[in-house]
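Colleague: So that we are looking at the same thing, I have put the structure below in structure tokens.
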Amino acid sequence: MRKLKLGGYIPGTSLIHQLDPRTKLLGGLAVIIAILVNDSWPVLLLNTLLIFAVIYLAKINMKSVLQGVKWLLILSILTLVFQCLFTKGDPLFNLGPVVVSKQGIYRGGTFFLRLLILYLSSSALTMTTSPMKMAGGLEALFAPLRYLGVPVNQFAMLLSISLRFVPTLIEEAETITRAQKSRGAPFTSPKKIVRLKTSLSVLIPLIVGSLQRATDLATAMESRCYTGGPNYSRVKNLHFGRKDQLALGIIVVICILPLVYFPGRI
Amino acid sequence: MSIIEICDLTYSYNPHTSFEKKALDNISFTIEKGEFLGIVGTNGSGKSTLIQHFNGLLWPESGNIFVLGRNTRDKNYRDQLWKKVGLVFQFPEQQLFEATVFDELAYGLRNMGLNKQEIDTRVNEALENVGLDPEQLRTSSPFCLSGGMMRRVAVASILAMKQEILVLDEPTAGLDPEGSAHILQTIKKYQQENKVTVVLVSHCINELILLADRLVVLDNGKVGAWGSTRDVLAQDDLQHYDRLFPDYIRILFDLKKHGWKINTGMLTVEEAANELGRVLKGGG
């Protein structure tokens with residue numbers, strides 16, 4: 001694999017890595033809710049600062065995060081242009097026949113910040129939380145649904161298994177693609193129908209392999225007495241410590257309180 | 001004439017990131033036309049990465065590789081290289097996808113643009129080459145065959161293309177001794193009959209010693225040794241790879257380590273026994 005997947009987990013020991021996955025999930029949720037229900041400048045700026053602080057503390061390479069922002073920027077510039085063109089309001093200046101309004105600029109700007117925060121907060125979450133911890137955190141957060149008859153444990157197992165096998169499948173797809181290329185598979189044919197047919201030469205072996213693996217995995221799990229019940233144990237239990245209390249406190253102060261003080265339009 | 005020339009080839013996975021891992025480090029050697037070259041190395045020594053450079057799937061980060069005289073840095077050339085270099089991947093049975101064995105073998109041939117009749121003869125020939133009965137198997141699904149048979153079908157699907165260079169990545173991995181021997185015999189016979197160049201990759205040197213004209217030992221992405229099989233075995237500095245070697249050669253290595261004047265360049269058990277006898281008689 002020459003290219004790195006954006007947002008993939010990067011192992012580390014930073015403060016953010018050490019936080020309980022539940023804290024990070026709740027924190028991410030709080031940030032997202034805050035910026036989606038409120039678009040006033042102070043709220044957006046506070047959240048942007050918070051996210052950059054988190055990324056700094058997580059010791060993630062800024063460059064690798066900002067690689068994804070490049071595409072976001074193109075999208076945002078496009079929206080900014082359209083917002084400027086079509087949002088009516090107090091005219092700020094004229095660009096030929098086009099009147100650029102204050103509201104247009106404002107909307108374009110907030111839209112960009114919102115996208116940026118959404119992207120960065122979800123990246124910060126997935127880059128600092130291993131898939132297994134993430135599944136554990138989700139399971140713990142959704143645990144109360146058990147009383148409504150939702151099989152939370154099975155869903156969590158489902159989730160962690162799928163997360164576990166994503167990289168494996170990607171790797172396998174790459175190998176099969178190369179193998180078919182070695183037999184002259186026309187992946188870059190100008191004809192769409194040929195390309196479509198060619199993708200089958202990767203999909204079929206991939207599916208056959210996955211089914212085989214699923215059977216093997218099921219056997220392996222059953223032979224270790226997995227029954228899908230809620231009472232299986234973990235090697236590492238989640239631990240909600242003082243750092244997590246502190247982190248959640250900060251999030252409440254930065255994300256939730258300003259919502260009360262700076263009511264913005266939804 | 002060198003059919004493949006590798007000059008200072010270096011290749012890394014995930015270059016310029018924190019995950020950077022050097023897979024191949026300054027590799028240089030040549031492969032001659034018509035020879036049987038064995039590449040041996042432990043898991044993770046870069047064997048599979050190296051051979052994917054031979055048919056243009058990968059290209060060097062620095063350094064050059066010339067296949068049939070042309071540099072694979074040329075993208076157009078690289079994209080056509082599959083017609084000249086056949087590559088059998090590890091566990092090739094995992095890449096089967098067509099509905100029948102015939103279609104599976106014909107896939108590469110159709111991509112080459114051959115006509116129906118030619119495809120028909122080549123499929124039959126390739127199936128016979130790997131010891132399968134064309135009449136019986138042509139219309140059956142490859143997924144209904146046993147693992148060993150699927151492997152043979154997958155190998156046949158490359159043999160049918162009759163490229164000038166044939167590269168195989170651990171073609172015997174996971175097969176029983178009989179299946180392995182069969183595949184190796186097929187390859188050797190195919191090489192001798194068609195006068196093609198064969199590169200066989202393995203982590204098990206036993207199967208290469210008798211087949212290969214020359215050996216390359218890869219160690220952590222570097223060339224540990226390179227030369228005719230006998231010369232490579234006779235070298236002094238091979239001892240830290242000795243887990244790769246068969247028992248009778250390890251005995252010779254051990255004796256040499258203890259100061260015996262013994263030639264370790266022995267290919268078979270008989271040769272090793274004779275050499276031992278000679279040294280014992282001479283009081284080595």
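Colleague: Distances longer than 41 Å among the Cα atoms of the protein assembly as shown: what percent of all pairs is that?
Modeller: 44
Colleague: With a 10 Å cut-off between alpha carbons and a GNM built on chain A, which of A:ASN237, A:ASN38, A:ASN61 moves the most?
Modeller: Most flexible of the set in this elastic network: A:ASN237.
Colleague: Calculate for the protein assembly as shown the 222 nm mean residue ellipticity that helices alone would give, adding -39,500 (n - 2.57) per DSSP H run of length 4 or more and normalising by residue count, nearest 500 deg cm²/dmol.
Modeller: For the protein assembly as shown, the value works out to -16500 deg cm²/dmol.
Colleague: Also, quick follow-up: Got a sec? Charge dipole of region A:151-224, +1 on Cβ for Lys and Arg, -1 for Asp and Glu; which of A:MET221, A:GLN180, A:LEU203 is way out at the positive end?
Modeller: The residue sitting most towards the positive pole is A:GLN180.
Colleague: So for chain B: antiparallel DSSP bridges make up what percent, rounded to the nearest 5?
Modeller: Bridges in chain B are about 55 percent antiparallel.
Colleague: Given a Förster distance of 60 Å, report the FRET efficiency between A:ILE207 and B:GLN235 from their Cβ-Cβ distance, rounded to the nearest 0.05.
Modeller: After rounding to 0.05, the efficiency reads 0.80.
Colleague: Take the alpha-carbon centre of region A:9-69, take the same for region A:81-149, and report the distance between them in whole Å.
Modeller: Here the answer is 13 Å between Cα centres.
Colleague: State whether chain A is rounded, prolate or oblate according to the following rule on the C-alpha gyration tensor (a ≥ b ≥ c being the square roots of its eigenvalues): a/c under 1.5 gives rounded; otherwise a/b larger than b/c gives prolate, and the remaining case gives oblate.
Modeller: Since a/c reaches 1.5 but b/c is at least a/b, the shape of chain A is classed as oblate.
Colleague: Can I ask one more? Just A:GLY12, A:GLY109, A:GLY89 to compare: in a GNM of chain A, with alpha carbon springs under 10 Å, which one fluctuates most?
Modeller: Ranking A:GLY12, A:GLY109, A:GLY89 by mean-square fluctuation puts A:GLY89 first.
Colleague: Taking the Cα centre of region A:151-224 as origin, work out the dipole magnitude from +1 charges on Lys and Arg Cβ and -1 charges on Asp and Glu Cβ, in debye rounded to 20.
Modeller: Dipole magnitude for region A:151-224 comes out near 500 debye.
Colleague: Using each residue's phi in region A:77-84, evaluate 6.51 cos²θ - 1.76 cosθ + 1.60 at θ = phi - 60° and report the 3J(HN,Hα) Karplus result to the nearest Hz, with x for Gly and Pro.
Modeller: The phi angles translate into 4, 4, 5, 4, 4, 5, 4, 4 Hz.
Colleague: Label chain B by shape, choosing from rounded, prolate and oblate, from the square roots a ≥ b ≥ c of the eigenvalues of the Cα gyration tensor; if a/c is under 1.5 it is rounded, and otherwise prolate applies when a/b is larger than b/c, oblate when it is not.
Modeller: Oblate shape, in that a/c is at least 1.5 and b/c is the bigger or equal ratio.
Colleague: In addition: Mean-square fluctuation check for chain A, GNM, Cα pairs under 10 Å: which of A:PRO190, A:PRO151, A:PRO91 is largest?
Modeller: A:PRO190
Colleague: Rg and Dmax of region A:1-102, using alpha carbons, in Å: what are they?
Modeller: So, for region A:1-102, Rg and Dmax equal 18.3, 56 Å respectively.
Colleague: For B:LEU218, which sequence-distant residues (separation of 5 or more, or a different chain) have an amide H within less than 5 Å of its own amide H, given hydrogens modelled in the peptide plane?
Modeller: Long-range HN contacts for B:LEU218: B:VAL40, B:GLY41, B:GLY224.
Colleague: So how do B:245-255, A:214-224, A:133-143, B:101-111 stack up, highest first, on mean other-Cβ count within 10 Å?
Modeller: Taking the mean over residues of other Cβ atoms within 10 Å, the ranking is B:101-111, A:133-143, B:245-255, A:214-224.
Colleague: Which is farthest toward the positive dipole end of the protein assembly as shown among B:LEU210, B:MET149, B:LEU50, measuring Cα position about the Cα centre, with Cβ charges +1 (Lys, Arg) and -1 (Asp, Glu)?
Modeller: Of B:LEU210, B:MET149, B:LEU50, it is B:LEU50.
Colleague: Using label points projected 7 Å from each Cα along Cα→Cβ, tell me how many nm separate A:LEU73 and A:VAL150, to one decimal.
Modeller: Each label point is offset 7 Å from its Cα along the Cβ direction, giving 4.0 nm.
Colleague: If you plug each phi of region B:106-114 into the Karplus form 6.51 cos²θ - 1.76 cosθ + 1.60 with θ = phi - 60°, what whole-Hz ³J(HN,Hα) values come out, in order, with x for Gly and Pro?
Modeller: Working through the residues one at a time gives 6, 4, x, 5, 5, 4, 7, x, 7 Hz.
Colleague: Mind checking the mean number of beta-carbon atoms from other chains within 10 Å of the Cβ atoms in B:83-94?
Modeller: Mean inter-chain Cβ contacts per residue within 10 Å come to 3.
Colleague: What is the magnitude of the charge dipole of chain B about its Cα centre, with +1 placed on the Cβ of each Lys and Arg, -1 on the Cβ of each Asp and Glu, and no other charges, expressed in debye to the nearest 20?
Modeller: Roughly 480 debye for chain B.
Colleague: Here's a follow-up. Treating only the Cβ of Lys, Arg, Asp and Glu as charged (+1, +1, -1, -1), what charge dipole size does the protein assembly as shown show about its Cα centre? Round to the nearest 20 debye.
Modeller: Here the protein assembly as shown has a charge dipole of around 2240 debye.
Colleague: Can you pull the one-decimal nm distance between simple spin-label points at B:LEU280 and B:MET1, each 7 Å off the Cα toward Cβ?
Modeller: Computed distance between label sites B:LEU280 and B:MET1 equals 5.0 nm.
Colleague: Still on this structure, please answer the following. Counting partner chain Cβ atoms within 10 Å of every residue's Cβ in B:151-162, what's the average?
Modeller: That works out to 1 on average.
Colleague: Output the antiparallel fraction of DSSP beta bridges having both residues in the protein assembly as shown, as a percent to the nearest 5.
Modeller: Antiparallel bridges make up about 60 percent of those DSSP assigns within the protein assembly as shown.
Computed from the coordinates by the stated procedures, all read-outs in this text should not be read as laboratory data. These numbers were taken from a predicted model, which means no experiment stands behind them. In this analysis, Cβ positions are derived from the backbone assuming ideal geometry, glycine residues included, and neighbour counts consider all displayed protein chains.
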